[in-house]
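Just below is one structure, and these are the notes that go with it.
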Amino acid sequence: MPGGTQNSAQQNDQNAAQKATQTSAERAILLQGVVTGAVIGAGVGALTGAIVGGKDGAAIGAGVGTIVGGGIGTLVAKKQIKDYHDIQLKNEQLAALLTKAKEYNSAVASYNDTLQQEVAQLEQKQESERMKTTKAKQKKARQKQVLQTKEKLKQAEEERITLAKEKLKQAEEKRASVGEAISERRELSEALIKSQKEQYQETLNDLDKESSRLDGIIANLRVMSEPARIGS
């Protein structure tokens, strides 16, 4: 459906923007412990916005710009963060980093909760299809009635499979996005001093759990994307 395709495209754009904004925000905050310079505030906010791009980039750039310094050095450090170790952030910088990480975790958890509910509804539909099909086979009725019942069930199954496949595609894209966020967060955590690394890794552990939960939901969606298996 044209409308469905457009909504899916918009969702993909939103996911991409959210991912770019989130990862750039956490990275930019960490750079406060690496880069210092004369360009501060709005100047660096614009620089961060340019990295992210678009309206979301401008918004996060404005927020980060109040606490990040470094100008061109920021771009250099962005590419070489893996080369830094034992970065010690100021208390407010660490608080900002943990807040951003927890906000992203919360968004992923919320996504999982919603998707889990939608999968449960698909499972109910699939079970209903099984029961009705079994009854139709066992029922001693005229052939015409049996054929009509089977036709309705087939249509319901096709609708359920189409919806499940759409949800599966979106969930797999979300899983890829979360995987990238986990990889970057792991890289960033390695640059911090031990005490701060431990706090930041707590958010990484939580995100790992949500990632595993999403894997389980995706496995269920794959089952929902197949025709119901009815015993003979």
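The values are calculated or read from the model by the stated rules, or taken from the named source; none is laboratory data. Treat the numbers as computed from the prediction; the structure is a model and nothing was measured. All Cβ positions, glycine included, derive from the backbone under ideal geometry; neighbour counts span all protein chains shown.
Points to keep in mind about this one:
- Test: residue in region 170-184 that is at negative phi, in the same structural domain as residue 94 (by TED's automatic domain parsing), in contact (Cβ under 8 Å) with a residue 12 or more places away in the chain and touching a strand residue (DSSP E or B) at 6+ places or on another chain (Cβ under 8 Å): no
- Each residue in region 165-200 was checked for being under 30 Å from residue 225 (Cα atoms), crowded, with 18+ Cβ neighbours inside 10 Å and hydrophobic (A, V, I, L, M, F, W, C), and 4 of them qualify.
- For region 108-131, taking the residues that are among the small types (Gly, Ala, Ser) and either in contact with a Pro (Cβ under 8 Å, 6 or more places away or on another chain) or modelled with pLDDT under 95 (or both), the one that is surrounded by the most Cβ atoms within 10 Å (Cβ to Cβ) is identified as 128.
- Selection from region 176-232 of residues that are under 15 Å from residue 97 (Cα atoms) and of a type in the set (Gly, Ala, Ser): 181, 189, 191, 195
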